Amino acid sequence: MLKGKVAIVTGGTRGIGFEIVRKYLANGAKVILFGSRQETVEKALAKLHEENAAWEVEGMWPQLTDAAAVEKAVLEVKEKYNQIDILVNNAGISQSTPLYQYTPEEFDKVIDLNIKAVFYAILPTAKVMKEQGGGCIINTSSMVSISGQPAGVGYPTSKFAVNGLTISLARELGKDNIRVNAVAPGVTRTDMVAALPEQTVQAISSKIPIGRVGEPEEVANAFLYLASDLASYVTGEILSVDGASKA
Ligand code: NAD
């Protein structure tokens, strides 16, 4: 479904991002995953190559919250591969600190990675996509971008912003043949969920109509669809993959 396409996936070393990378590779794309540390990037690459030595995948670890570092990495990808067809902004952090314990530093940390870094990655990539005649950007939102959550206000705030950025850029970049969408996962079985208090996970899970949390691969399937030509007329969409959690 993605033969000949070049994709950047941020936060591709584990969880949902890792499954997106696998899914894209299995569907013929060349993938450059952006991780936070050389060590975790190399571990992820080794795992992927163990699965299929022929997969064309490499890793970089620019500081995503540093606009200049991200621009440099994006331009290196463009230089090497001559094109960037897909950008997946997946890296993100969550927390569930109650308001009265919240610090401004904690809020900044969430906003810096979940919103600013998304913008920083889009800025140079969209220019490359415009020049080459089009492309596809997929951001990672969350079901809490619709429902909010009862603690850790920075996280849902950041995901509401991701939706706003997605819908607005879809409107702005349509004329350049750049589609901009987001996937809004519900509770998905990754490290991020493991870090939540068990009570929180149970409370959320008991409200999921489909009766279970999602698997990373199920979320990655939505990223595959949106990146593929099957979604050629889909832009400005926030696609929920949440077992009807927010319903
Ligand atoms: P995870 O914690 O398993 O993985 C997060 C990824 O982001 C990792 O690859 C990590 O290396 C990367 N990352 C974190 N901080 C980084 C930084 N400063 N620089 C570069 N990379 C960094 O998380 P996940 O559950 O796979 O979440 C992926 C995305 O999905 C996030 O945007 C998250 O908000 C969203 N999401 C997750 C769930 C869920 O239940 N897991 C639900 C809704 C939305």
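FYI, it's all coordinate maths here, none of it is from the lab. Keep in mind the model is a prediction, meaning the values are calculated, not measured. Reconstructed Cβ throughout: ideal geometry from the backbone, glycine too, with neighbour counts over all protein chains shown.
Each peptide in 41-50, 223-232, 112-121 was scored by the mean count of other Cβ atoms within 10 Å over its residues; highest first, the order is 112-121, 223-232, 41-50.
Calculated mean residue ellipticity, 222 nm, the chain: -14000 deg cm²/dmol, from DSSP H runs (n ≥ 4) at -39500 (n - 2.57) each, averaged per residue and rounded to 500.
Kirkwood hydrodynamic radius of the chain from all distinct Cα pairs, in Å?
Values: mean 1/r = 0.0554 Å⁻¹.
That comes to 18.0 Å for the chain.
Phi-derived couplings, Karplus 6.51 cos²θ - 1.76 cosθ + 1.60 at θ = phi - 60°, listed residue by residue for region 91-98: 4, x, 10, 10, 7, 10, 5, x Hz, with x used for Gly and Pro.
For K175 and L123, the FRET efficiency from 1/(1 + (r/R0)^6), where r spans their Cβ atoms and R0 equals 22 Å, is about 0.80.
Summing Cβ point charges (Lys, Arg +1; Asp, Glu -1) relative to the Cα centre of region 101-220 gives a dipole of roughly 400 debye. Charge dipole of the chain (Cα centre as origin; +1 on each Lys and Arg Cβ, -1 on each Asp and Glu Cβ, all else neutral): 420 debye, rounded to the nearest 20. The distance between label points at K3 and K207 comes to 4.5 nm (points 7 Å beyond Cα on the Cα→Cβ vector).
For region 130-237, trypsin sites (Lys or Arg not before Pro) are listed when DSSP marks them as loop and at most 13 other Cβ atoms sit within 10 Å of their Cβ; the list is R212. Relative contact order of region 114-203: 34 percent, from C-alpha pairs under 8 Å at least 6 residues apart in sequence. Relative to the first principal axis of the alpha-carbon coordinates of the chain, what is the inclination of helix 117-132, with its axis defined by its Cα atoms, in degrees from 0 to 90 and to the nearest 10? Approximately 30 degrees, to the nearest 10. The fewest-to-most ranking of Y233, Y155, Y24 by surrounding Cβ atoms within 10 Å reads Y233, Y155, Y24. Rounded, prolate or oblate: which fits region 1-137, taking a ≥ b ≥ c as square roots of the Cα gyration tensor eigenvalues, rounded meaning a/c under 1.5, else prolate when a/b beats b/c? Oblate. Measuring between their Cα centroids, region 184-247 and region 38-105 lie 20 Å from each other. Using C-alpha pairs under 8 Å with a sequence gap of at least 6, the mean separation divided by the residue count of the chain gives a relative contact order of 20 percent. Fully extending the segment from L230 to D66, taken as 0.36 nm per residue of separation minus the present Cα-Cα distance, adds 55.7 nm.
Short-range pairs are left out: with C-alpha atoms under 8 Å and at least six residues apart, the relative contact order of region 1-121 is 28 percent.
Simple rule: put +1 on each Lys or Arg Cβ and -1 on each Asp or Glu Cβ in region 15-114, find the dipole, and look at S96, A54, I16; the Cα lying farthest toward the positive end is A54.
The alpha-carbon atoms of region 126-247, seen along their principal axes, cover 49, 27, 25 angstrom, with the largest extent given first.
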